[in-house]
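The values are calculated or read from the model by the stated rules, or taken from the named source; none is laboratory data. Just so you know, these numbers come straight off a predicted model, no measurement behind them. Cβ atoms come from the backbone with ideal geometry, glycine included; neighbour counts cover every protein chain shown.
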Amino acid sequence: MRRLLHSPYAVVVLLALIVALLPLVLPSTFYMRMAALVFIFALAVVGLNLLMGFAGQVSLGHAGFFGIGAYAVAVGPAHLGIPSWAALVLGAAAAGLMAFIVGRPILRLRGHYLAVATLGLGLLIALVFTNEAAWTGGPDGMPVPRLVVFGFRVFGPRMWYWIAGITLVIGTWICVNLIASPTGRALRAIHDSETASRVLGVDVARYKLTAFVISAIYAAIAGAYLALFDGLVTPITAGFLRSIEFVTMAVLGGLGSIFGAIVGAALLVLLPQVLTVFHDYEHIVLGAVMILIMIFLPTGIVPALAARFGRH
Amino acid sequence: MLTTDTIGIGFGGVTALSQVSFKVDPGEIFAIIGPNGAGKTTLFNVVSGLYTPREGRVSLGGEDVTGMAPHLLARRGLSRTFQNLQIFFRMSAAENVMVGRHLHERRNIVAHLFTLPSVLRQNAFTRAKAEDLLAFVGLTGIADRAAGALPYGALRRLEIARALATEPKVLLLDEPAAGCNPVETAEIDEVIQKIAASGVAVVLVEHDMKLVMKISHRIHVLDQGRTIAEGTAAEVRANERVIAAYLGKHGRAESEHAPD
Amino acid sequence: MGAIYALVALGFTLIYNASDVLNFAQGEFVMLGGMVTVFAAAAGVPLPLAALLAIAVAVAVGLGLYYLAIAPARGASAVSLIIITIGASILMRGIASIVFDKNFHSLAPFAGNKPIIVGGAALLPQSIIVLFGAGLIVLVLWLFITHTLTGKAILATAANRLAARLVGINTGAVVALSFAVSAAVGAVGGVLAAPITLTSYDAGTLLALKGIAAAMLGGMGNPLGAVVGGLTVGLLEAFGAGYVSSSYKDAIGFLVILLVLFAMPQGLLGRAGVERV
C-alpha cells in the first residue's frame, strides 16, 4: 500500500476513485455539469502542465489549440459533412499538426520571448476564428451539433460527466506513463539544464516539440468536448483570456504536479460560480485571488500542501 | 582519439583561443592548465560543441566533428562535466545519472505513452546501471535524494557519474575538484584514474596542481588563449615560461611536493 | 497609433529593465489616462488639469501595483509574476468597469478636426500631437536617464540588481520609480490618444499585448528598440489595413512579430547573449 501511495500512479488511482464515486454525493445535475466542466478543463491543463511544469516551456496561447478542437466539431459537420466524432479526431490531429509545424521555430525562443510568441500565436488563431465568418460564424460563433455515436445521442451533464471523467483518467494515466519513461526524464532534464541535457545526448529541440504537440492535442480534445457539451462555440473559447485561465490553473494548482493541474482547474472553474454572487465584482475578486495566491503560495496549491503535510 | 587542430575563437573582438592543437589517446589522462582567463573552459566548450570555432578543426575517432551539435557529439562518444555544475537539481541523484543513459535507451514514444512492459524493463535496467555508476564514483545510499539536497563534493562526483552513463570514449572534466577539500579531492583522483584505466580518454582542466601533477600523463599549458607548453608533468614543471605565467615560485614548490 | 504603441512598449521596457517583470497591466495605465481624463473633463474639470489628474491617478495605481502586488512576491518565478500582473490588470479592469462604465468614450481633439494635408496624405492634427508628444517623452526620458543620478541608478539596477544594492542604491525605490514613470508614460499615451481612438474600460488589454509584442520586436530591454518596435507595429497596421481586410489589422502586428522572432530570436535590436557554462 505504501508503495502505491508513493508511486506516481497514485494520482491516477485517486482520480479514478473520485470520478467513480463523486456522482454518489452530488445532489443535482447542476453539480454534475460543474464536475464535467472541471474534468474538461483539467484535461487541457494536464496537457499544459506537461509542457510548462515538466518541460519548462511557457505557452500563453494554448487556448488557440483548445479553439481548434472546439471549432473542428462545429465546422466539420456543418461545412464538411463529417460526423462529430470524426471531426473531433480531425480537430485533435489538426491541433497536433499546427503545433508540430509552428513548434520548431517557436521553441527555439526562450523565456519571455517564448511567452510572447505563443501569446501571438494564440491571438492569431483566435483572430482567424473571429474573422472568417463564412466558416466560423464570426464573433457570434456557431452552433455545434450534438455528438452521435453509433446512433446513440450523447447529451446532457450526466453523459458528459462520464465521458470527460474517463477521458481525464486515461489522459492522466498517459501523462504519468510519459513522465516515468525516458522521454519524461529527458523533459525534466531539459527543464533543469538544457546545456547538460544536450551534452548527454538529448535532442532538446525534438523533445520540446514532442511536449508541445502532446499538450496541443490534449487541449484540442478538451476544446472539442466543451463545444459538444455546450452545443455552441464562439471565438472567446480560443481567446487570450482563456489562455491565461489555463496558465493560471496550471500555476495555481502547482506546476509539475499532475494533481495540481486538476486542482487548479477545479478552482478556476468553480470559483467564478461562487463569485457570480458578486456580479460586477467578479473580475475584481478573480484578479485579487490570482495575485494573492501567487504571492503567498508561489509554488502552487498542491506542492504547498504537500510540503506542509509531507513533513508528517 | 580526440584531436584538435589550430583552434581559434573570439568573442566581441577579444581573441579567446588561438592556434591551439593537441591530441589525446584512449586511457590517457591529459590535463589542460593555465591561469584564469587562459581559455580552458572556452576550449572545452569548443570541443564539446557548445561553441563553433572561428578557425581550426576538432576530430573525434578520426571523424571531423568541428561545430557539431552537443547531442550528436554525445552519440559519438564525447561527454563532459561542467565548471559551474549543471546538475538537474529537481531530480534525484539516480535520476540524474539515468538521464545520462538516454542514448542507450529505446526511445519509442508510443511505448512511453502507454508504458508497455518493455518500458518497465528498461526503466529497471537503467536504474540498475545508474546505481552501479553511483557506486563507482563512491556515492552510495543517496540514490533517491533530491540532487538539490546533496553536498557540493557529492554533486561533483554525481556529474562525473552522469557523464559516464553515456559510455563515452572521451570524457572532458572541467575542474572536477574545484571547491573540494583534500579528502574529496583524493576520492576524485581515484575515480579519474579508474576511468582512464578502463580505456576512456580523459581530458582534465584543473587548478589543483597537486592533483594534476600526480595523475596526468601529459599536460598542456595555455596562457591567454595560446599554447605555451606541453609535456609530461616533470617537463612542464621545469618549463620556465610555465613557471613565469602560472606556477610561480610557490606553485613550483607545491608541484615539487606532489608524489610522482 | 505607432507612437502610442511606442509609448506602451517604452513604459513596459522600463519596468522590465528594472525588475525583469513583464507588466501585462501596462495597457491599463493607458486606459486610465484616457478614461480619467474623459470623466474628469465631463465633470467640468478643465482639460489640462484633467490630463494631469489622469497621470497622477495612473502613477498612484502604478505605485500601488508595485508595493501591493510585485514587491511582496519577491523572487517568485517569472511565470508567477506574469500571472500577478495579469491578475492585476483584470482587477483594474474590474474596478474601472464599476467606477467608470462599460461604454466607449471619446474626447474632443485638442486642436480641432480639420485634417492637415501632408504630401498627399491627410493627417489629423491630433496625430501630430501624439507623435510630437511621444517624441518629447522619449527625449525627456533619455535625458533623464543619461544625465541625472537617479537615472543612472535606474540603469545600474537594470544591469545588475544585487550589485546595485551593494553600492548603496535603494533598488526597491528605483523599481517603484520605474513603475511610476511607466505608468505616467502610459497615461500620457492614453490622454493623447483619447481623441483619436475610442477608449473604454477594456481598451487596455489589446494595447498591452501589442505594446509587449512591440517591445519584443525591438529587442527585450532595449528602450530604443521599444520605440522602434512600437512605431513599426503601428506603421504595419496602418499599411495592412489598406491591403488586407481591416479586421485582420490586429493580426498583422502579431504575425510580423512572430516571423521576426523566428528569424532573429533576440529581436531587431536586441543583443545576442552568450550563455556562460
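If I filter the range A:133-149 for residues that are within 14 Å of chain B (Cβ to nearest Cβ), part of a helix (DSSP H, G or I) and of a type in the set (S, T, N, Q), do I get at least one hit?
Checked the range A:133-149: no residue is within 14 Å of chain B (Cβ to nearest Cβ), part of a helix (DSSP H, G or I) and of a type in the set (S, T, N, Q).
Taken over the range B:88-104, the criterion of being within 7 Å of chain A (Cβ to nearest Cβ) and among the aliphatic types (A, V, I, L, M) is satisfied by B:Met91, B:Met98, B:Val99, B:Leu103. Among the residues here, B:Ala143 does not qualify as in a helix (DSSP H, G or I) and farther than 22 Å from A:Thr210 by Cα. Of all the numbered requirements in (1) of a type outside the set (S, T, N, Q); (2) under 19 Å from B:Ile9 (Cβ atoms); (3) more than 10 Å from chain A (Cβ to nearest Cβ), B:Glu63 misses one, and that requirement is (2). What single numbered condition from (1) surrounded by fewer than 24 Cβ atoms within 10 Å (Cβ to Cβ); (2) on the phi < 0 side of the Ramachandran plot; (3) more than 13 Å from every other protein chain (Cβ to nearest Cβ) fails to hold for A:Tyr71? Result: A:Tyr71 fails condition (1) only.
Scanning for something closer than 26 Å to B:Met209 by Cα, in contact with a Phe, Trp or Tyr (Cβ under 8 Å, 6 or more places away or on another chain) and assigned by TED's automatic domain parsing to the domain that holds B:Asp25, does the range B:144-159 turn up at least one residue?
Keep residues of the range B:144-159 that are closer than 26 Å to B:Met209 by Cα, which gives B:151-159.
Now drop any that are not in contact with a Phe, Trp or Tyr (Cβ under 8 Å, 6 or more places away or on another chain), which leaves B:159.
Checking which are assigned by TED's automatic domain parsing to the domain that holds B:Asp25 leaves us with none.
Within the range B:144-159, none of the residues are closer than 26 Å to B:Met209 by Cα, in contact with a Phe, Trp or Tyr (Cβ under 8 Å, 6 or more places away or on another chain) and assigned by TED's automatic domain parsing to the domain that holds B:Asp25.
For B:Arg80, the requirement of being within 30 Å of B:Ala143 (Cα to Cα), in contact with a Leu (Cβ under 9 Å, 6 or more places away or on another chain) and surrounded by fewer than 24 Cβ atoms within 10 Å (Cβ to Cβ) is not met. Answer yes if at least one residue in the range B:179-197 is part of a helix (DSSP H, G or I), over 19 Å from the mean Cα position of the chain (by Cα) and surrounded by fewer than 17 Cβ atoms within 10 Å (Cβ to Cβ), and no otherwise. Checked against the condition, which is being part of a helix (DSSP H, G or I), over 19 Å from the mean Cα position of the chain (by Cα) and surrounded by fewer than 17 Cβ atoms within 10 Å (Cβ to Cβ), the range B:179-197 yields at least one hit. Screening B:Arg75 against (1) more than 7 Å from every other protein chain (Cβ to nearest Cβ); (2) surrounded by fewer than 19 Cβ atoms within 10 Å (Cβ to Cβ); (3) more than 29 Å from A:Tyr218 (Cα to Cα) leaves a single unmet condition, (1).
Inside the range A:150-183, residues that are in a helix (DSSP H, G or I) and out of contact with any His (no Cβ under 7 Å at 6 or more places or on another chain) make up a count of 21. Screening B:Thr81 on (1) of a type in the set (Ser, Thr, Tyr); (2) free of Cβ contacts under 8 Å to residues at least 60 places away in the same chain; (3) touching a strand residue (DSSP E or B) at 6+ places or on another chain (Cβ under 6 Å); (4) within 14 Å of another protein chain (Cβ to nearest Cβ) shows it passes everything except condition (2).
Of the residues A:Leu114, A:Leu124, A:Leu109, the single one that is touching a Phe, Trp or Tyr at 6+ places or on another chain (Cβ under 6 Å) and within 14 Å of chain C (Cβ to nearest Cβ) is A:Leu124. Listed by first and then second residue, the pairs with beta-carbon distance under 9 Å, at least 6 apart or on different chains, first residue in the range B:130-147 and polar (S, T, N, Q), second at pLDDT 85 or above, are B:Thr140/B:Glu131; B:Thr140/B:Leu134.
The sole residue among A:Gly91, A:Gly120, A:Gly103 that is closer than 18 Å to A:Arg206 by Cα, among the small types (Gly, Ala, Ser) and in a helix (DSSP H, G or I) is A:Gly103.
Taking the range B:84-123 as the range and being buried (at least 22 other Cβ atoms within 10 Å of the Cβ), without any contact (Cβ under 8 Å) to a residue 12 or more places away in the chain and of a type in the set (S, T, N, Q) as the test, no residue passes. Elements of the type helices (runs of 4 or more DSSP H) sitting completely within the range A:1-74 and holding at least 1 residues that are within 22 Å of A:Arg242 (Cβ to Cβ), modelled with pLDDT of 90 or more and touching a His at 6+ places or on another chain (Cβ under 7 Å): these cover A:29-49.
When each of A:Ala205, A:Ala211, A:Ala216, A:Ala196 is tested for being part of a helix (DSSP H, G or I) and more than 14 Å from chain B (Cβ to nearest Cβ), the lone residue that passes is A:Ala216. Whether a residue is surrounded by fewer than 24 Cβ atoms within 10 Å (Cβ to Cβ), at pLDDT 85 or above and within 29 Å of A:Asn131 (Cα to Cα) was assessed, and A:Val213 passes this test.
Name the residues in the range A:114-129 that are over 14 Å from A:Val102 (Cβ atoms) and either in contact with a Cys (Cβ under 7 Å, 6 or more places away or on another chain) or surrounded by fewer than 23 Cβ atoms within 10 Å (Cβ to Cβ) (or both), would you? The one that is over 14 Å from A:Val102 (Cβ atoms) and either in contact with a Cys (Cβ under 7 Å, 6 or more places away or on another chain) or surrounded by fewer than 23 Cβ atoms within 10 Å (Cβ to Cβ) (or both): A:Leu127.
The residues listed here are A:Phe41, A:Phe129, A:Phe65; of these, the one that is touching a residue at least 12 places away in the same chain (Cβ under 8 Å) and within 12 Å of chain C (Cβ to nearest Cβ) is A:Phe129.
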